[in-house]
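The values are calculated or read from the model by the stated rules, or taken from the named source; none is laboratory data. All of these numbers come straight from a predicted model, not from anything done at the bench. With ideal geometry, Cβ positions are generated from the backbone for all residues, glycine too; neighbour counts draw on all protein chains shown.
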Amino acid sequence: MRNPDVVRQFVEPLISGDRVSSRQFLQNQISQVNDPRRVYFDVMWPAMEQVEKMYRADKISVAAEHMATRITRSLADQLQSNLVQSLSIHKRILISCADGESEELGAQMCADLFESSGWDVYFLGGGVPNDEILSLVGQLRPDILLVFGTKPQGVPDVRQLIDLVRGVDSNPTMNVMISGGVFNRADGLWKEVQADLFAPSAEQALEMAQKAEPRIPQLRIPGAPKKRRRRRRSPILAAAGEC
C-alpha cells in the first residue's frame, strides 16, 4: 500500500540532488518487501508523479526536476536486477514514449515490470518516427503497443500513429494502450485518439494487459469505398493543449 509519508521522504532527497541518501532510502525500502515490484508501485512511481506535479506547479526548478529524474532513473537501473523473472507467457509488448527524460523513465519502468512478468518486451524510448513504429508492429506483431507519457503537443501525433496502424492493418488483433502524460490529466482523451486501453500507472497497465483479449478487427467488405468523415476538433483534444 502506498504511504504518502514514505513517498515524501523519498522525494525530498531526489529534488535536492542527494544521490547517496536517495540510494540508501530505496535500499531500505527494498529490504522491507518480499516483492521488489512493490517498490516500483508504492515508492518510485508515486514519487515520479509527485515530482512532475511539483514541476508543473512551479514548486521546484528545472534543475531540481532534472536531478530527481536522473537519480530515479539510475535507481531504476539498479532495482531492475532485483526483480524476479517469471516464466515467459509468450506475449509481446512494444513500448514507445514521448521524447524526454521523465517520459523515458516512466516507459523504462513499465518495460522492466512487463519483462519481469514474463512478457517479451521491445522498448523503443522516444523520438522514433511513426513509420518506423509501424514497421516494427508488422515485424514483431506485438499483442500490445504501449504509448507512454505523451505531451500535449504530441496528442495529434499519437492519433496519427493509431490511424496509421489501423489503416495498414498489419497486426489487426493488437491492442493500443495509452498511459501517462497528458492522458492522465485529460479525462477521456485516450478515447478521442481511438486507443483500445488506458492505464494511468504501470501497475494498472500490467494488470490490464494481463487480462486484455485480442482486439477484434472491424470487418471490411472487399471493394467497398472507405467512408470519409469530416473530423471536427474535439473539445477534449482542444483542452489537452492546455494541460
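Some notes on this structure:
- Evaluated against (1) within 24 Å of ILE30 (Cβ to Cβ); (2) modelled with pLDDT of 95 or more, VAL84 falls short on exactly one condition, (2).
- Any chance SER179 is of a type in the set (Ser, Thr, Tyr) and over 20 Å from GLU52 (Cβ atoms): no
- Qualifying residues in segment 148-172 (those that are buried (at least 21 other Cβ atoms within 10 Å of the Cβ), out of contact with any Leu (no Cβ under 7 Å at 6 or more places or on another chain) and of a type in the set (Val, Ile, Thr)) - the one modelled with the lowest pLDDT: THR150
- Pick from segment 106-147, criterion of a type in the set (D, E, K, R) and not in a helix (DSSP H, G or I), ranking: surrounded by the fewest Cβ atoms within 10 Å (Cβ to Cβ): ARG141
- Test: ARG23 is within 21 Å of VAL147 (Cα to Cα) and either among the basic types (Lys, Arg) or surrounded by fewer than 19 Cβ atoms within 10 Å (Cβ to Cβ) (or both): no
- All positions within segment 39-72 that are of a type in the set (Asp, Glu) and farther than 19 Å from LEU113 by Cβ: ASP58, GLU65
For (1) under 25 Å from ASP99 (Cβ atoms); (2) modelled with pLDDT of 95 or more, each residue gets a yes or a no:
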{"residue": "MET174", "(1), (2)": "yes, yes"}
{"residue": "LEU189", "(1), (2)": "yes, yes"}
{"residue": "ALA209", "(1), (2)": "yes, yes"}
{"residue": "LEU219", "(1), (2)": "no, no"}
{"residue": "ARG228", "(1), (2)": "no, no"}
{"residue": "ARG232", "(1), (2)": "no, no"}
{"residue": "ALA239", "(1), (2)": "yes, no"}
{"residue": "CYS243", "(1), (2)": "yes, no"}
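- Complete set of residues in segment 166-188 that are out of contact with any Cys (no Cβ under 6 Å at 6 or more places or on another chain) and under 26 Å from ASP112 (Cβ atoms): ASN171, THR173, MET174, ASN175, VAL176, MET177, ILE178, SER179, GLY180, GLY181, PHE183, ASN184
- For segment 81-105, taking the residues that are surrounded by 19 or more Cβ atoms within 10 Å (Cβ to Cβ) and of a type in the set (Ser, Thr, Tyr), the one that is farthest from the chain's Cα centre (by Cα) is identified as SER102.
Residue-by-condition table, conditions (1) among the β-branched types (Val, Ile, Thr); (2) within 16 Å of PHE41 (Cβ to Cβ); (3) more than 15 Å from the chain's Cα centre (by Cα); (4) not assigned by TED's automatic domain parsing to the domain that holds GLY154:
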site: ASN175; (1), (2), (3), (4): no, no, no, no
site: SER179; (1), (2), (3), (4): no, yes, no, no
site: ALA186; (1), (2), (3), (4): no, no, yes, no
site: VAL193; (1), (2), (3), (4): yes, no, yes, no
site: ALA202; (1), (2), (3), (4): no, yes, no, no
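Conditions (1) of a type in the set (Phe, Trp, Tyr); (2) surrounded by 19 or more Cβ atoms within 10 Å (Cβ to Cβ), marked per residue:
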residue: ASP5; (1), (2): no, no
residue: GLY17; (1), (2): no, no
residue: VAL39; (1), (2): no, yes
residue: TYR55; (1), (2): yes, yes
residue: SER61; (1), (2): no, no
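- Within segment 73-97, the set of residues being of a type outside the set (A, V, I, L, M), over 19 Å from GLN32 (Cβ atoms) and not in a loop (DSSP other than H, G, I, E, B) comprises ARG73, SER74, ASP77, ARG92, SER96, CYS97.
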